[in-house]
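The values are calculated or read from the model by the stated rules, or taken from the named source; none is laboratory data. Just so we're clear, the structure is a prediction, and the values are computed from it rather than from any experiment. Quick reminder, even Gly has a Cβ in these numbers, built from the backbone with ideal geometry, and neighbours come from all protein chains shown.
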Amino acid sequence: MVNRNDVCAGDAVNRKLIEKADKLLSKEKGTILKDPGGRINVCLIYPNTYHVGMSNLGFQGIYTLLNDRSDTLCERAFLPDEDDIDEYVRTDTKPFALESKRPLNNFDILAFSVSFENDYLNILKILKLANIPLRASDRNQTHPLLIIGGVCAFFNPEPLADFFDVCFVGEAEEMLNEFIDTYKKSETRPELYGQAAAIEGVYVPGLYNIKFNNGIHSREALDGAPETIKRRYIKDISAHRFRQSIVTPETEFSGMYLIEAMRGCPWKCRFCVAGHIYSPARKKELPEIKKDISDAMNITGRVGLIGPSLTDYPHISEVLKTEGVDFSITSLRASRKTAELAGLLKGRKSVSIAPEAGTERLRRVINKKITEDDIIETSRLIFSEGMEKLRLYFMAGLPTENDDDIKGIVSLVKKIRAISKKGTIALTLSPFVPKPFTPFQWHGMEKIEIVKKRLKAVKSSLLPIKGIKVFHDVPKYAYMQGFFSMGDRRVSRVLETMLKIHDWKKACIEAGIGPDFYVMRNKDFSENLPWDFIDSGISKERLWDEYLKALSESITRKSPF
């Protein structure tokens, strides 16, 4: 493979931008610096700002994993801040790695870690600023190899498939070392593609020919590539130390060391992609998490425990009793145990629970196995522990939702507010977005006018009440997320068009793509879905049965739990 240590050495790097990067580096603890000579040079890129990317444990874990290899150097790059992009363009400065300030073209591999669909356009912005051809078919061996991992690559890499050489379907730490070993042995790109495609979980989009009619007509594997890509996952997260290296105040979790306690969720809510693609749920054993905490204490006294359902983590109470640690935890499940945990979070001022829906009927539909009594009692106990803020998360536009369900949100929040005059309730509403590999992957989004009306109804009903704050996502961005979530390879044309037409719906028109085909309509079981070539560990038939069960739950009053 081409060594790029000296490629593009003449590219200009603006001093103002260098000084800003150095200021960020000066605040970091744990930065890894290596000599690039004789090593595979990887630039790990998060397609959002430094503040957002450095808050992501997955991004940090891959950075650490790659740098643990003596034959590999991994540096980092991010989407420039909005007020810096004009400076990059004005001075013809190419995006560069934070550590060495080398432009992206200097690296052998550009590894994108992608967690959110609405960051897709940022990938193209970075490549355009770097003067790297967007489409894999327009690049050659003189360009860096582009690879992608992260949760978006798990469930549907197709909207981005034409831009990337290699995609990691599943938990990249399970297969990344295999891939790097294969990269080292490969002399040419075609040789690399063929050998990488033989690694379970590695998807090489260029080895597949997709034909479309209205939807997907056929999918042909070329040159011996596998018909199905099997998702890879770590069997034992205790044995595999996926850890953070860098702590900095310049993140959402300022100065905090993040530790993964659980991966996957046992509850399988029907809207939740994480509960399905991170299955089975895995829990870190107590000795390993204590070791992680000990490592963290060498850097900072603040520890953030990560997991989708930490109430179900068997060692959570014992962990939170660790002396001398300022713990923060992610959203908890409404239960008596949650309130007990809140009492252990000394110094924490807020805790979060997610009822998701306002009525028992709709919570049955989405398989959210908590009752209104659970929610109210948990809230009462949380306030009794002296918490200053209770964060509540709900969704609007869920399958089978009606106006009574929206009234149910208002009623439930009012009941919670009546429990105590102390503290603040912060309510966040998010429009429902269908996701691959969930039972609701066949269900279209509600009309945006109806969702806007329902969001407004909740806000207008609750805002006059003292001690309640209401926030909601911007609906148009939720629908754009749905478009990318449900998209096939044709969506790549829309992303390219969005570089000059920022409105995603107008870009669809310009690109000749009908967005409602992907976002609004209900789909049939027989339809070829863009992600059907991925074996996620759960059958399409089982997901369909769950979807039909959800629809039947919408008309029954019997509680399943």
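Residues G58, G37: which one is part of a loop (DSSP other than H, G, I, E, B) and not hydroxyl-bearing (S, T, Y)?
Working: G58 fails: part of a loop (DSSP other than H, G, I, E, B).
Answer to the selection: G37.
Go through (1) out of contact with any strand residue (DSSP E or B) (no Cβ under 7 Å at 6 or more places or on another chain); (2) in contact (Cβ under 8 Å) with a residue 24 or more places away in the chain one by one and return the number of the condition G397 breaks.
(1)
Take the residues of segment 92-131 that are small (G, A, S) and touching an Asp or Glu at 6+ places or on another chain (Cβ under 8 Å): which is farthest from L499 (Cα to Cα)? Let's see the steps before the verdict.
Taking segment 92-131 and keeping what is small (G, A, S), we get 97, 100, 111, 113, 115, 130.
Going one step further and asking which of them are touching an Asp or Glu at 6+ places or on another chain (Cβ under 8 Å), we end up with 97, 100.
Values: A97: 23, S100: 28 Å.
Here the answer is S100.
Name the residues in segment 51-74 that are farther than 21 Å from A153 by Cα and of a type outside the set (G, A, S), would you? So that I can check it myself, show each step before the final result.
Our first condition is that a residue be farther than 21 Å from A153 by Cα; within segment 51-74, this holds for 51, 67-73.
Those that are farther than 21 Å from A153 by Cα and of a type outside the set (G, A, S): H51, N67, D68, R69, D71, T72, L73.
Rundown of residues vs (1) on the phi < 0 side of the Ramachandran plot; (2) out of contact with any Cys (no Cβ under 8 Å at 6 or more places or on another chain); (3) of a type outside the set (S, T, Y), yes/no style:
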{"position": "L344", "(1), (2), (3)": "yes, yes, yes"}
{"position": "R348", "(1), (2), (3)": "yes, yes, yes"}
{"position": "S352", "(1), (2), (3)": "yes, yes, no"}
{"position": "P355", "(1), (2), (3)": "yes, yes, yes"}
{"position": "R363", "(1), (2), (3)": "yes, yes, yes"}
{"position": "N367", "(1), (2), (3)": "no, no, yes"}
{"position": "I382", "(1), (2), (3)": "yes, yes, yes"}
{"position": "E385", "(1), (2), (3)": "yes, yes, yes"}
{"position": "L390", "(1), (2), (3)": "yes, yes, yes"}
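If you take just the helices (runs of 4 or more DSSP H) that sit entirely in segment 254-328, which of them hold at least 2 residues that are aromatic (F, W, Y), touching a residue at least 60 places away in the same chain (Cβ under 8 Å) and touching a helix residue (DSSP H, G or I) at 6+ places or on another chain (Cβ under 7 Å)? Before the answer, list the steps.
Values: elements: 273-277, 286-297, 316-320.
The helices (runs of 4 or more DSSP H) meeting that bar number zero.
Have a look at I109, I40, I62 and point out the one that is within 21 Å of N131 (Cα to Cα) and either aliphatic (A, V, I, L, M) or over 25 Å from the mean Cα position of the chain (by Cα) (or both). It would help to see each step written out before you state the result.
On the way: I40 fails: within 21 Å of N131 (Cα to Cα); I62 fails: within 21 Å of N131 (Cα to Cα).
Exactly one residue qualifies, and that residue is I109.
Among the listed residues F112, F116, which satisfies the condition of being touching a helix residue (DSSP H, G or I) at 6+ places or on another chain (Cβ under 8 Å), surrounded by 24 or more Cβ atoms within 10 Å (Cβ to Cβ) and at pLDDT 95 or above?
Numbers: F116 fails: surrounded by 24 or more Cβ atoms within 10 Å (Cβ to Cβ).
Only one candidate passes the filter, namely F112.
Out of curiosity, is A426 outside any loop (DSSP other than H, G, I, E, B), touching a Leu at 6+ places or on another chain (Cβ under 8 Å) and closer than 26 Å to S279 by Cα?
Values: outside any loop (DSSP other than H, G, I, E, B): yes; touching a Leu at 6+ places or on another chain (Cβ under 8 Å): yes; closer than 26 Å to S279 by Cα: no.
The answer is no for A426.
List pairs: first residue in segment 349-362 and basic (K, R), second residue buried (at least 20 other Cβ atoms within 10 Å of the Cβ) anywhere in the structure, Cβ distance under 9 angstrom, at least six positions apart or on different chains.
Between residues of segment 349-362 that are basic (K, R) and residues that are buried (at least 20 other Cβ atoms within 10 Å of the Cβ), the close pairs are K349/M387; R361/D405; R361/G408; R361/E553.
So which residues in segment 77-124 are under 20 Å from F163 (Cβ atoms) and basic (K, R)?
K94
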